[in-house]
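For reference, the structure discussed in these notes is given below.
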Amino acid sequence: MRNISTVAHVRFVLLCAACVLVTVVLAGCREGAELTTTTCDGTGKAVVSRDATGRELADALMAQWQRDHPDADWVAQEKERHELKPPFDNSVLLEGGQAEGHTYGQHDKRDLLLWARETEKFVVEGSRIFHSGDLLQSTVGVSCDMCHPHASNTHPESYPKFQTQLGRVVLLRDMINWCIDNPVRGRHLNPDDAAMRALEAYIMAQRSGTAMDYGKH
Ligand code: HEC
């Protein structure tokens, strides 16, 4: 009996030692799984996973850059504040052989990411203006969202249409200007003004998925 219990004791001690060893080795591996590199602007330091590439790496670097520059990322801030809809997911373009043989060359994940981010940026700029009496240069401190939260009741899909208050067929931009002139009392915009283009982009983005129905009242 005594012998058996001694053997059991030795086994127990060996098992514990093995556990400690495994824990130490795992901890070592975990440390080695990360590396310190420079952030997007090349000046800061970021700790990222050693295996990270592409999107994952870019996001990790961006996240660190944002932590270092808490006020700089107005795109993300605006997205959080105003629940922006994401642009269309074009990932279907990469399925099967579809990524090959396009007129403008082959598309890859980076192209799709670039398209989405640039499009989103354009829309976010519109959101900023839409939500700011100052950017609209309102003389009465009014912004669009006060009457059209999340661009509700703007119906971009119904243009062109005959607008009775203007007495003619108009485009979305004409109604944007109508509201700038009237309730907002802001700066009337030229059709190609950067602010007008951004406002149009935001309003249309918010109605993503709605069927076009021109002329509808
Ligand atoms: C004080 C409230 C108010 C504010 C602020 C306001 N609007 Fe409007 N807006 C209205 C009303 C009311 C209508 C409906 C006019 C109508 O169709 O008779 C309207 C209509 C519209 C339409 C056309 C909707 C449709 O059904 O065709 C668009 C587009 C629009 N507004 C955009 C904007 C934009 C962009 C801003 C900011 C620059 C803005 N509005 C600010 C009240 C407001």
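Remarks
- Estimated inter-spin distance, residue 85 and residue 214, nm [label 7 Å along Cα→Cβ]: 2.0
- Other residues whose C-beta falls under 11 angstrom from the C-beta of residue 190 contribute a net charge of +1, scoring Lys and Arg +1 and Asp and Glu -1.
- When the square roots of the Cα gyration tensor eigenvalues are ordered a ≥ b ≥ c, the ratio a/c for the stretch 76-205 is 1.5 or more and a/b exceeds b/c, which makes its shape prolate.
- Signed unit charges on C-beta, dipole axis of the stretch 80-191, positive-most listed residue 113, 183, 160: 183
- Each residue of the stretch 111-122 is assigned a 3J(HN,Hα), and the resulting list reads 4, 4, 5, 4, 4, 5, 5, 5, 5, 4, 4, 4 Hz, derived from the Karplus form 6.51 cos²θ - 1.76 cosθ + 1.60 (θ = phi - 60°), x at Gly and Pro.
- Residue 117-residue 47 pseudo-label distance in nm [points 7 Å out on the Cα-to-Cβ vector]: 2.5
- In Hz, Karplus ³J(HN,Hα) per residue of the stretch 139-153 (6.51, -1.76, 1.60; θ = phi - 60°; x = Gly, Pro): 8, 10, x, 10, 10, 4, 5, 4, 10, 10, x, 6, 6, 5, 6
- Neighbour counting of Cβ atoms within 10 Å sorts the residues 159, 202, 214, fewest neighbours leading, into 214, 159, 202.
Readers should treat all values here as calculations from the given coordinates under stated rules, not as data from a laboratory. Model, not experiment: these values are computed from the prediction. No Cβ is skipped: glycine too gets one built from the backbone with ideal geometry, and neighbour counts run over all protein chains shown.
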